[in-house]
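Structure, as structure tokens:
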Amino acid sequence: MDRRIITIDGPAGAGKTTVSKTLARELGCVYVDTGALYRAVAFEIKRQQINWEDSALLDQFLACLDLDFVMDDRGPVLTSSGRDISAYIRTNEISMLASATSAKPQVRTALMGIQKSIARERDAVFEGRDMGTAVFPNASYKFFLTADVNVRARRRFEESNASGILFEKILEDMVKRDADDAQRAVSPLKQAPDAVLIDATELDVFQVVEKMKHIIKTA
């Protein structure tokens, strides 16, 4: 049976998480935050003090990694070895480490299996950086969600759990992360040729979701 797979790619702070969750709920799909999986890897690397630049050590670490999404009344919850780590993966430090480690082929291979397993079993909305280009090139519907970097940095500043971080620092890190993600050798951040571009600089979540729903229903 063919599954309806929807991919939403784009840079940090564009609103992908909120849009993806809302779209999945309204379409009756499972929501998969692939960025959270990479953040989970970064969190465990930091927690376990893994030298991720050592390929052999990284392979050993990934072989023992146990990540999963479980559902509760809040929606999808990310667990590591059965422990809810959702509250620990949204810091600026973890964001930067996730961007760096996600370029490692071993990391991408380890997490791709989880993503593809979900896609075989359920209709799903996948949020990430390369869902429509590398992971699901034959997805039913593809979107690339972006916004002006100053707007994205302001959103991230307002939602940040880490107190005391200056807006200028978040903006600086976001500009660097955009460049790193776009220039990395493995699965760089880019719009798939057949993805629909949506600029959310002046759109709210409702307007973005309605645009996507209209495209899906009229395709």
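For this structure, a couple of remarks:
- Residue list for the stretch 114-135, restricted to those being open to solvent by 20 Å² or more (accessible area, probe 1.4 Å) and either of a type outside the set (A, V, I, L, M, F, W, C) or assigned to a loop (DSSP other than H, G, I, E, B) (or both): K116, S117, R120, E121, R122, D123, R129, T133
- Residues in the stretch 3-55 that are among the charged types (D, E, K, R), closer than 18 Å to V70 by Cβ and in contact with a Ser or Thr (Cβ under 9 Å, 6 or more places away or on another chain): D33, R39, E44.
- Screening N150 with (1) open to solvent by 50 Å² or more (accessible area, probe 1.4 Å); (2) modelled with pLDDT under 90; (3) among the polar types (S, T, N, Q) gives one miss only, at (2).
- Condition broken by A182, with the remaining ones in (1) free of Cβ contacts under 8 Å to residues at least 12 places away in the same chain; (2) over 17 Å from the mean Cα position of the chain (by Cα); (3) within 25 Å of I114 (Cβ to Cβ) satisfied: (2)
- Enumeration of residues in the stretch 160-212 that are open to solvent by less than 30 Å² (accessible area, probe 1.4 Å), over 22 Å from S95 (Cα atoms) and part of a helix (DSSP H, G or I): V208, V209, M212
The values are calculated or read from the model by the stated rules, or taken from the named source; none is laboratory data. On a predicted model such as this, the values are computed, not experimentally measured, just so you know. In this analysis, Cβ positions are derived from the backbone assuming ideal geometry, glycine residues included, and neighbour counts consider all displayed protein chains. Ligands, DNA and RNA are stripped out before the accessible areas are found, and what is left, the full protein with its side chains, is counted by its heavy atoms. Shrake-Rupley method; radii C 1.70, N 1.55, O 1.52, S 1.80 Å.
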